[in-house]
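What follows draws every value from the coordinates through simple rules; no lab data is involved. These numbers come from a predicted model, not from an experiment. As a convention, Cβ positions derive from the backbone with ideal geometry for all residues, glycine included, and neighbour counts pool all protein chains shown.
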Amino acid sequence: MSAAQYVRTPLLSGSDIEAKRQEIATYYNATSDRYESLFETLNDPRAFYQPPIPLRHPLIFYYGHTATFFVNKLILAGLIEQRINPKFESIFAIGVDEMSWDDLNEANYEWPSIGAVKDYRQQVRALINEIIATAPLTLPIDWDNPWWTILMGIEHEQIHIETSSVLIRQQNLDWLQSHSDWQPCQITQQVPTNILVDVPAGNVTLGKAYDDDIYGWDNEYGQHQSDVNAFQASKFLVSNHEFLAFVEDGGYQEDGFWLEQGLKWRNFTKAEHPTFWVQSAQGWQCRLMTELVSMPWDWPVEVNYHEAKAFCNWKAQKTGLVVRLPSEDEWYRMYDYAGITELDSKPANANLHLDHFASSCPVTLFSHGDLNDVIGNVWQWTETPIYPFDGFKVHPFYDDFTMPTYDGRHNLFKGGSWVSCGNETRRSSRYAFRQHFFQHAGFRYVVAQPLPEQTMSQYEDDKMLSEYAEFHYGDSYYGVANFPKTLADIAIKAMADKPAHKALDLGCAVGRASFELAKQFDQVTGIDFSARLINLGVQLAQQGVVRYSIADEGDLRLYRERHLDQLGLDDVKDKVTFLQGDACNLKSIYTGYDLILAANLIDRLYEPRLFLESIHQRLNDGGILMLTSPYTWLEEHTKKQHWIGGFKQDGENVTTLDGLKTILGKHFELMAPPQQVPFVIRETSRKFQHTLSDVTLWVKKA
């Protein structure tokens, strides 16, 4: 690998501003260089445009995505004001994970050329280097520092070095080529016999302090302590050879070894062996990133959670022992017992950080005390679904990094793989994937007491989400009717005998108005910038129920459960689709609507004029645009130069309605004078916000 292999995550503290600029610039450019070299393994344009697997975008998306992420976050942080390429920053923004709200219909995307994306990446790189060199910088860099987004962008690209390498590994081999920066291990040795190692009981303490001087993702912060009982752990990661016994014993065919979801996955995919194993006339082979090699039996097997769990159940039957995957706490106990320390500037004593190979290596190569590969080589699946530590907070610049994964379906894996870099290599890092997901991931097993049955909280207790859930689906207060339902009723009445085929609910939040509009419209699309919010709407559409807790007083909470059928909305849920998007930078596919509702949105947009000047393109002639807003203009949401009202100009008052008439007048007619609709937001049992929202209806001119 190149010399960039030694570049580690920089400290956020220091006293020399110019030295810190240089340190961050070096880290950024090394990361960008590595990302570019990864995509140089693609030697056929089809490799960029044909999705490696059906549930993910083609690789051209990931090539552009990390640059777009930088631009979008720098705008949020106020480090830049202008976009580089609004079209790219829309199409490359969303669609990374296999989320239920992803729009993965490739017919909706017109991907740009490889050259155009490469040029765009170079433009972004020049911009970021200029920011690093010239933007005001104060140390330390904490959550509230705009520079946090620069570190966020770099660490985000480090993650995508890994996830993209997995997709390349699943791409058509004929479209790939070897690369000097991505040379796999050439070592294969005698297969070891796995043994059990005693790990003594101990206490683990997890969680970063919010003033920690190493960058972290939101799920790493807070506090967690646990007393871990003594257990036994396999000395080695499970090798390809050890897993072969499970395959040859019919493990993939025996239903009893598979949990319910694993059995569904196995039956759907018709899997009979690990996905990176290939049967050929020459016997078993292993698919690496850019080549196929004879099976290295002493390398770790790479599987998803379902396969790892089935193996453990098979081994438990064979041995009569309680064999399972470790919990997250047990993995940390192994880490501490092995005496592992954080990586320094030297090559790691682990197959980690691309310090050694661009592939896995023998499970015997790196020892950590009595165990091998506690870190590195491949990620290690655990039994633990990711959960928030006490004191968890969402970062405002990336509110949906972790929150959508707190669903009981994303299991933590630990230790990092050969390609894990930056934050991924830290003791504090916590990454979780869906159980069917393939990463460079394997496992080790433990013999230990059965874990207590894991019950995920049935109630959403995030403050913002809970307040929105109550606002949309909860009780009415002080005689004020449900606001989203009232707006939908006004909209439906205004439509009269107009066509009602498609409606767009922009800023849909948790979706009540979207469901209400579906009573009248054939198809309703709800779009919100926050995946945290739309996830609640998706949950209602899929499960018909939402549970949440609301503040009573102090630490006391009240619990609520709301059902769509109780609201008369169960019959229309199939007509509603929730998607993530930016109202100021919508994809071109969102068009042809008979109604667009933008509820309490315009005074929360970073540039409302962009939205208002283009919204007519989304509506059919004669269609209706419904705007509601309390006109609460705040510079924390919209810089003052972008307000469309609420200020004096030439000594005269300019109201928001004045601004709306000026901007919309070319394409719309105001249907009636504004009407005020009240709403109440409950904060606690004794604190409520009462607000009036101006509602205006605009018909698009033919």
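Computed values, structure above
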item	result
Over the range 262-358: Kirkwood hydrodynamic radius from C-alpha pairwise inverse distances, Å	16.7
Relative contact order [Cα under 8 Å, 6+ residues apart], the range 208-311, whole percent	30
Equivalent-ellipsoid semi-axes of the chain, from the Cα gyration tensor, Å, largest first	46, 29, 25
Angle in degrees between helix 463-473 and the longest Cα principal axis of the chain, rounded to the nearest 10	50
Normalised contact order of the chain, rounded percent, pairs of Cα under 8 Å and 6 or more residues apart	11
Charge context of Glu248, other residues only, Cβ under 15 angstrom, K/R +1, D/E -1	-3
Filter on Lys235/Lys315; Lys208/Lys346; Lys264/Lys575; Lys270/Lys315 - keep pairs with C-alpha separation over 18 Å	Lys208/Lys346; Lys264/Lys575; Lys270/Lys315
Entries of Lys640/Lys700; Lys393/Lys687; Lys661/Lys700; Lys414/Lys463; Lys87/Lys640 with Cα pairs more than 18 Å apart	Lys640/Lys700; Lys393/Lys687; Lys414/Lys463; Lys87/Lys640
Stretchable slack from Trp143 to Ser294, in nm (0.36 nm times residue separation minus alpha-carbon distance)	49.6 nm
Between the range 355-422 and the range 306-334, the Cα center-to-center distance that results, in Å	17
Antiparallel content of DSSP bridges confined to the chain, in %, to 5	70
Loop trypsin sites (Lys or Arg not before Pro), the range 226-272 (other Cβ atoms within 10 Å of the site Cβ: 15 or fewer; DSSP)	Lys270
Folded to 0 to 90 degrees: helix 483-495 orientation relative to the chain principal axis, Cα	60
Angle between the chain longest axis and helix 328-337 axis [Cα atoms, degrees, rounded to 10]	50
Relative contact order computed over the range 437-586 (Cα-Cα under 8 Å; 6+ residues apart), in percent	24
log₁₀ of I(q)/I(0) at q = 0.10, 0.12 Å⁻¹ - the range 3-175, Debye sum with one point per alpha carbon	-0.40, -0.57
Separation of the Asp174 and Ser367 label points, Cα + 7 Å toward Cβ, nm	4.7
Globularity ratio of the range 429-557, using Cα Rg and 2.2 N^0.38 Å	1.43
Ordering of 330-343, 41-54 by packing [mean C-beta count within 10 Å, highest first]	330-343, 41-54
Contour minus Cα-Cα distance for Met671 and Glu40 (0.36 nm per residue)	221.5 nm
Kirkwood hydrodynamic radius over Cα pairs of the range 196-447, then Stokes diffusion coefficient at 25 °C and 0.890 mPa s, in µm²/s	131
Orphan Cys of the chain, criterion: no other Cys C-beta under 4.7 Å	Cys286, Cys312, Cys421, Cys508, Cys584
Gain upon complete extension [Ala133, Ala116; 0.36 nm per residue less C-alpha separation]	3.5 nm
Whole-Å semi-axes of the ellipsoid equivalent to the range 463-700 (Cα gyration tensor, √5λ, descending)	28, 23, 16
The range 568-702: proportion of alpha-carbon pairs further apart than 26 angstrom, %	30
Modelled FRET efficiency - R0 41 Å, Glu553 with Thr655, Cβ distances, 0.05 increments	0.55
In nm, spacing of pseudo-spin labels at Gln317 and Asp249 (7 Å Cα→C-beta vector)	0.8
The range 196-447: antiparallel DSSP beta bridges as a percent of all, rounded to 5	90
